[in-house]
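Below: one structure, written as C-alpha cells.
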Amino acid sequence: MADYTNLSKRFLAARFILAVLVSISLFLDGRLKQAQAQAVYPEYVVVYGDTLSWIAQRFDTTLEQLIAVNNIQPDDVLRPGDRLKIPSFEGMQGILTTEYVALGSSLTSLSRRSQTDPEILVRANRLTSPSELFIGREIIMTKRENGSHMTTMPAIKPGQSFLEASVLSGKNTWLLSGINRLSSPLMGMPSDTYYMPSNSENGSNLALPGIKSIILDNLPLVQGGTFLIKVEADQPVEITADLASIQPTFVDVGGVQMAYGGINALTEPGVYPLTMTVTYPDGSEYRFDQLVMISSGNYPTDKPLEVDPQSIGTEAEKAENAKIKAVLAPITPIQQWDGLWYSPAQDADCIISQFGSRRTYNDDPGVYYHTGLDLGYCKGTDVYAPAGGTVVGVFPNQVVRGNCIIIDHGLGVYTTYMHLNEILVHEGDVVQSGQLIGIIGTTGRSTGPHLHFQVDIHGTPVNPLTWLRRAFP
Ligand SMILES: [Zn+2]
C-alpha cells in the first residue's frame with residue numbers, strides 16, 4: 001500500500017509541476033504578446049526639406065510601413081519638428097541622431113551608451129564586421145530626451161572590482177551593471193569602458209586608469225584637415241600618438257594635454273591606423289590601436305598653370321622654402337589664441353582661391369596643391385591678425401612669398417601672410433586678434449593683388465577655413 005500512496009503522491013506532484021509550467025508559459029506568452037503590442041521604436045524629428053519617401057529611404061523602411069506605424073492620414077502635412085516612429089529600427093529608443101565613431105568606440109561601448117542591442121546597431125548601420133567602426137565613420141545612434149546623458153565611468157583599476165568602482169562613482173551597482181549590460185556586477189572587468197547616467201557628457205569613450213577623458217576632436221578627419229587629441233589626466237602621464245604616420249606633440253595646457261596635427265592635403269583618402277600609448281609614472285604602459293578614416297576634401301583641380309620655367313625650382317626658391325620651414329618648426333608650449341579666429345581680410349567672403357585645389361605647372365607631372373586661402377581686396381586692403389600670437393618671421397622681398405609675415409600662435413600652429421604691399425609689424429611683436437599687421441599687395445610670385453593666408457600645423461598646411469569656422473580647443 002505504501003507504494004501506491006507514494007505513486008499517487010508522485011502523480012500529484014507531477015500534475016502540480018505541470019500546472020505551474022503551463023501557467024508560467026501562459027504568463028510568458030501573455031508578456032510576449034504585450035511586448036509585441038508595445039513594440040519600441042526610435043523617433044526621427046523631421047527637419048525642413050524632409051519628405052516621407054526620403055525618410056523611408058534613409059532609414060531602410062517603406063512608405064507604407066512608415067504611414068502604418070505612425071497612423072498618418074491622407075491629408076496630414078509633414079512639418080519640421082514632427083516626430084515619426086521608425087519601424088525598421090525596432091528596439092532602439094530615444095531620438096535618432098547621427099554621429100561620427102569616436103576614439104575608443106566599439107560596438108559594445110556604443111551599445112552600452114545608447115542602451116541598444118548590438119544586433120540592432122549592426123542592422124541600423126549595415127555593419128558586416130565590428131572592425132568597420134573606424135573613427136570618423138558616420139553612424140546612426142539614439143540620444144535620450146530628458147537631458148540625461150551617458151558618461152564614461154572612471155576606469156576600474158587593476159585589482160579593483162566593478163562593485164568598488166561603482167560605489168566610488170556614487171551610483172547603484174546593480175543599476176550600473178544593468179546599464180552596462182552585465183549579467184552581474186561580478187562580470188565587470190578592468191580595462192573595459194563602462195557608462196553611467198550623468199547631467200553632462202565627458203565625450204570620452206575610452207576609460208583608462210588615471211585618465212579622465214581622451215578625445216580625438218574635429219571628426220570626420222579630411223585631407224588638409226586639423227585634428228586635436230585632448231587628454232585630461234589626474235596624474236602625470238606621458239602620451240604619444242601616431243595617426244597616419246603623423247606624430248603630434250602633446251603639450252600641457254592648464255592640466256589638459258593637447259596635441260594638434262595637420263593632415264597633408266594629398267593624403268590618399270582611406271583608413272589609417274591610430275596608435276596611442278600612455279606611460280604612467282611607475283613606468284607601466286597602455287597601448288591603444290584603432291583605425292581612423294580620412295575622407296576626401298573634394299578639392300577641385302585648377303587649369304594647368306603656365307609659368308616661366310626659369311622661376312620654378314630655382315636655388316633661390318629652395319633657399320627661401322628651407323628658411324621658412326625652419327621658422328615653422330618649433331613647438332612653443334603656450335596657446336596664444338583664444339576661441340574662434342577672425343578673417344585676416346576686411347571681407348571674409350572675398351575668397352578668390354580656396355585651399356587644397358590641385359595645381360600642375362607647365363608639363364611637370366608632379367601634382368601640387370594650393371597651400372593657403374587667397375583673399376581679395378573687395379572691401380579694403382588691410383590685413384589683420386586673425387588671433388593672438390607672436391610675430392616670428394618678417395621677410396621682405398622673397399622670390400615666391402614677396403613681403404611675408406609669419407605669426408606663431410603656439411602649440412605648433414602658425415599663420416603666414418604672403419604677397420603683402422606693406423609689413424606693419426616687427427619680429428618679436430606680440431599681436432592681438434584684429435590688430436593691423438600689413439597691407440594687401442602683389443609682391444613675389446603673384447598674378448594680382450591678393451593675400452595668401454596660410455595655416456601650418458607642425459609645418460603641414462591645413463585648410464584655414466576650419467579655424468575661421470570653429471573654435472579650438
Ligand atoms: Zn595662394
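The values are calculated or read from the model by the stated rules, or taken from the named source; none is laboratory data. Given the structure is predicted, the values throughout are model-derived calculations rather than measurements. FYI the Cβ positions are ideal-geometry reconstructions off the backbone, even for glycines, and counts take in every protein chain you see.
Please pick out the residue among Ala348, Ala322 that is in contact with a helix residue (DSSP H, G or I) (Cβ under 8 Å, 6 or more places away or on another chain) and over 27 Å from Ser191 (Cα atoms).
Working: Ala322 fails: in contact with a helix residue (DSSP H, G or I) (Cβ under 8 Å, 6 or more places away or on another chain).
Of Ala348, Ala322, the one residue that is in contact with a helix residue (DSSP H, G or I) (Cβ under 8 Å, 6 or more places away or on another chain) and over 27 Å from Ser191 (Cα atoms) is Ala348.
Take segment 301-312 and flag every residue that is surrounded by 11 or more Cβ atoms within 10 Å (Cβ to Cβ) and either among the β-branched types (Val, Ile, Thr) or within 18 Å of Thr371 (Cα to Cα) (or both).
Matches in segment 301-312: Thr301, Asp302, Pro304, Leu305, Val307, Ile312.
Identify all residues within segment 84-120 that are outside any strand (DSSP E or B), in contact with a strand residue (DSSP E or B) (Cβ under 8 Å, 6 or more places away or on another chain) and among the hydrophobic types (A, V, I, L, M, F, W, C); write none if there are none.
Scanning segment 84-120 gives Ile86, Phe89, Met92, Val101, Ala102, Leu103, Leu110.
With the condition kept exactly as written, say whether any residue in segment 412-435 is in the same structural domain as Pro333 (by TED's automatic domain parsing), more than 12 Å from the ligand (Cβ to nearest atom) and under 14 Å from Thr371 (Cβ atoms).
Scanning segment 412-435 turns up at least one residue that is in the same structural domain as Pro333 (by TED's automatic domain parsing), more than 12 Å from the ligand (Cβ to nearest atom) and under 14 Å from Thr371 (Cβ atoms).
Within segment 228-260, how many residues turn out to be outside any loop (DSSP other than H, G, I, E, B) and among the hydroxyl-bearing types (Ser, Thr, Tyr)?
Within segment 228-260, residues that are outside any loop (DSSP other than H, G, I, E, B) and among the hydroxyl-bearing types (Ser, Thr, Tyr) number 2.
For the structure I just gave you, tell me whether Asn199 is outside the structural domain of Thr98 (by TED's automatic domain parsing) and touching a strand residue (DSSP E or B) at 6+ places or on another chain (Cβ under 8 Å).
Spelling it out, Asn199 is indeed outside the structural domain of Thr98 (by TED's automatic domain parsing) and touching a strand residue (DSSP E or B) at 6+ places or on another chain (Cβ under 8 Å).
Could you identify the single residue in Gly203, Gly224 that is within 30 Å of Gly356 (Cβ to Cβ) and modelled with pLDDT under 85?
Details: Gly224 fails: modelled with pLDDT under 85.
Going through Gly203, Gly224 in turn, just one is within 30 Å of Gly356 (Cβ to Cβ) and modelled with pLDDT under 85: Gly203.
Is it the case that Val413 is surrounded by fewer than 17 Cβ atoms within 10 Å (Cβ to Cβ), in contact (Cβ under 8 Å) with a residue 60 or more places away in the chain and either hydrophobic (A, V, I, L, M, F, W, C) or in contact with an Asp or Glu (Cβ under 7 Å, 6 or more places away or on another chain) (or both)?
So Val413 does not fit the description; no.
Residue check: is Asn463 at pLDDT 95 or above, touching a Gly at 6+ places or on another chain (Cβ under 7 Å), surrounded by 22 or more Cβ atoms within 10 Å (Cβ to Cβ) and not charged (D, E, K, R)?
Against the criterion (at pLDDT 95 or above, touching a Gly at 6+ places or on another chain (Cβ under 7 Å), surrounded by 22 or more Cβ atoms within 10 Å (Cβ to Cβ) and not charged (D, E, K, R)), Asn463 qualifies.
Taking into account only those residues within segment 416-458 that are free of Cβ contacts under 8 Å to residues at least 60 places away in the same chain and charged (D, E, K, R), which is surrounded by the most Cβ atoms within 10 Å (Cβ to Cβ)?
Asp429
I'd like to verify a number: residues in segment 211-250 that are buried (at least 23 other Cβ atoms within 10 Å of the Cβ) and more than 19 Å from Val413 (Cα to Cα), how many?
The number of residues fulfilling the criteria is 2.
Could you tell me whether Ser53 is in a helix (DSSP H, G or I), over 30 Å from Val271 (Cα atoms) and hydroxyl-bearing (Ser, Thr, Tyr)? I'd like the intermediate steps shown before the answer.
Details: in a helix (DSSP H, G or I): yes; over 30 Å from Val271 (Cα atoms): yes; hydroxyl-bearing (Ser, Thr, Tyr): yes.
Yes, satisfied.
When you look at Asp282, is it at pLDDT 90 or above, in the same structural domain as Met258 (by TED's automatic domain parsing) and among the acidic types (Asp, Glu), yes or no?
It is true that Asp282 is at pLDDT 90 or above, in the same structural domain as Met258 (by TED's automatic domain parsing) and among the acidic types (Asp, Glu).
Give the residue that is surrounded by the most Cβ atoms within 10 Å (Cβ to Cβ), with candidates limited to residues of segment 251-262 that are over 16 Å from the mean Cα position of the chain (by Cα) and either of a type in the set (A, V, I, L, M) or within 19 Å of Phe134 (Cα to Cα) (or both).
Taking segment 251-262 as the starting set, the residues that turn out to be over 16 Å from the mean Cα position of the chain (by Cα) are 251-257.
When the remaining residues are screened for being either of a type in the set (A, V, I, L, M) or within 19 Å of Phe134 (Cα to Cα) (or both), the result is 251, 253, 256.
Numbers: Val251: 18, Val253: 15, Val256: 16.
Filtering segment 251-262 for residues that are over 16 Å from the mean Cα position of the chain (by Cα) and either of a type in the set (A, V, I, L, M) or within 19 Å of Phe134 (Cα to Cα) (or both), the one surrounded by the most Cβ atoms within 10 Å (Cβ to Cβ) comes out as Val251.
Checking the structure you have, find out if any residue of segment 151-173 is modelled with pLDDT of 85 or more and part of a strand (DSSP E or B).
yes
What number of residues within segment 195-227 satisfy the criterion of being within 27 Å of Ala244 (Cβ to Cβ) and either in a strand (DSSP E or B) or free of Cβ contacts under 8 Å to residues at least 12 places away in the same chain (or both)?
Going through segment 195-227 one residue at a time, the tally reaches 11.
Which ones in segment 396-411 are within 16 Å of the ligand (Cβ to nearest atom), of a type in the set (A, V, I, L, M, F, W, C) and at pLDDT 95 or above?
Here is the first cut: in segment 396-411, the ones within 16 Å of the ligand (Cβ to nearest atom) are 398-406.
Now drop any that are not of a type in the set (A, V, I, L, M, F, W, C), which leaves 399-400, 404-406.
Residues satisfying the conditions are Cys404, Ile405, Ile406.
Considering only residues that are touching a helix residue (DSSP H, G or I) at 6+ places or on another chain (Cβ under 8 Å) and within 16 Å of the ligand (Cβ to nearest atom), look in segment 436-463 and name the one that is nearest to Asp374 (Cα to Cα). Write out each step before concluding.
So in segment 436-463, the residues touching a helix residue (DSSP H, G or I) at 6+ places or on another chain (Cβ under 8 Å) come out as 445, 453-455, 459.
Restricting the remaining residues to those that are within 16 Å of the ligand (Cβ to nearest atom) gives 445, 453-455.
On the way: Arg445: 13, Phe453: 6, Gln454: 9, Val455: 12 Å.
The extreme case among them is Phe453.
One residue is enough: does segment 397-406 have a residue meeting the conditions polar (S, T, N, Q) and in contact with a helix residue (DSSP H, G or I) (Cβ under 6 Å, 6 or more places away or on another chain)? Break it down stepwise before answering.
Narrowing segment 397-406 to residues polar (S, T, N, Q): 397-398, 403.
Going one step further and asking which of them are in contact with a helix residue (DSSP H, G or I) (Cβ under 6 Å, 6 or more places away or on another chain), we end up with 398.
Yes; the residues of segment 397-406 include at least one that is polar (S, T, N, Q) and in contact with a helix residue (DSSP H, G or I) (Cβ under 6 Å, 6 or more places away or on another chain).
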